[in-house]
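Before any comments, here is the structure.
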Amino acid sequence: MKKTVLITGAAKGIGRAIAYEFAKQEYQICIHYHTSFDLAKKLQEELQEQGVSCMIYGADISSRKEVDNMIDSVLSTFGSLDVVVNNAGICEYKLFTDITEQDLNEMLDVTVAGTFHVTQSALKKYMLHQKSGSIINISSIWGMVGASCEVNYSTSKAAIIGMTKALAKELGLSNIRVNAVTPGVIQTDMNQKLTEEECEALKEEIPLSRFGSPEEVATVVRFLASDEASYITGQVISPNGGMVI
Ligand code: NAD
């Protein structure tokens, strides 16, 4: 029987590359999107042309109700949910003293509460009954080492690492693995605000002297979901070109 993966924030960037990687493994795929309906629809059509079973679902993951409805829809469409990739996220560049309470709440609502909602809903509605599954949380190197002017983002991504480790301990007996991926600087919309000089300065800090591609993150996620990674849980794997060693 084919396996099913749900990827949040999959209409573009790293999530889109992850969808392509799972398509190669013949998974049934739910592409979750937030506002990018057109991009999600286009990706669905591209994958369906390749013979992949693929649905799209629009939801704000900070809303528990919308997430619960999404998980119900995945289960009624495909009948299973084997892998969850919590990829959706937002970033923000601000001095710490300029961060408002609303900024903080929005960051935590999407990244931390969003990952919590999707994971808990998938566990309660399917994975715990099956006693199998793999959850992969996309954090960031900034959650490991912290980034100046990204205290909000770094805080939320560090929380994701903590959630990953604690949950891996709790779910081991249920045969459910939980891992985090902490990408370095990856060429997506998220970094489009960086100036030429900022890009060059960042590349000087990277031993491989370049930014990563979404595909280079996607292959790590695919590996962690596979049976080849059956003894890996609670780990933080960082495709970062050597930026953090
Ligand atoms: P992106 O902006 O292309 O993707 C982020 C996705 O999250 C979008 O599809 C967006 O619609 C979705 N999203 C945002 N708010 C949402 C909400 N409330 N509900 C549902 N979905 C929502 O950027 P990306 O670079 O592809 O980022 C993907 C993940 O990788 C993010 O978690 C990001 O923090 C992480 N990451 C990115 C980099 C990088 O350099 N690009 C580095 C480390 C980690």
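Worth pointing out:
- In the chain, helices alone account for a calculated mean residue ellipticity at 222 nm of -13000 deg cm²/dmol, with every DSSP H run of four or more residues adding -39,500 (n - 2.57).
- P(r), alpha carbons of the chain - 5 Å bins starting at zero, rounded %: 1, 7, 14, 19, 21, 17, 12, 6, 3, 1, 0
- In nm, spacing of pseudo-spin labels at THR100 and LYS169 (7 Å Cα→C-beta vector): 3.8
- Surface accessible to a 1.4 Å probe, per residue, for the residues of the chain, Å²: 48
- Region 122-245: C-alpha pair distances exceeding 25 Å, %: 29
- The chain - percent of accessible surface contributed by carbon and sulfur, probe 1.4 Å: 51
- Within the full protein context, the accessible area of VAL112 is estimated at about 30 Å² for a probe radius of 1.4 Å.
- Spin-label model distance (nm) - GLU49 vs GLN130, 7 Å beyond Cα toward Cβ: 3.0
- When you count the other C-beta atoms within 10 angstrom of each residue and take the mean per peptide, 224-230, 135-141 line up highest first as 135-141, 224-230.
- Cβ-Cβ FRET estimate between GLU196 and LYS2, R0 fixed at 30 Å, reported to 0.05: 0.10
- Cleavage-rule hits (trypsin sites (Lys or Arg not before Pro)) in region 172-224: DSSP loop, at most 14 neighbouring Cβ within 10 angstrom: LYS193, ARG210
- Looking at region 164-245, the chymotrypsin sites (Phe, Trp or Tyr not before Pro) that sit in a DSSP loop and have at most 10 other Cβ atoms within 10 Å of their own Cβ are TYR231.
- Cβ-derived FRET efficiency at R0 35 Å, ASP38 paired with GLN235, nearest 0.05: 0.45
- Overall shape: oblate for region 1-132, with the ratio a/c of the largest to smallest alpha carbon gyration tensor axis at 1.5 or above and b/c at least equal to a/b.
- Pair GLN25, CYS149: separation of 7 Å Cα→Cβ label points (nm): 3.7
The values are calculated or read from the model by the stated rules, or taken from the named source; none is laboratory data. Being a predicted model, the structure only gives us computed values, none of them experimental. Glycine gets a Cβ as well: all are built from the backbone with ideal geometry, and neighbour counts include every protein chain shown. Ligands, DNA and RNA are stripped out before the accessible areas are found, and what is left, the full protein with its side chains, is counted by its heavy atoms. Shrake-Rupley method; radii C 1.70, N 1.55, O 1.52, S 1.80 Å.
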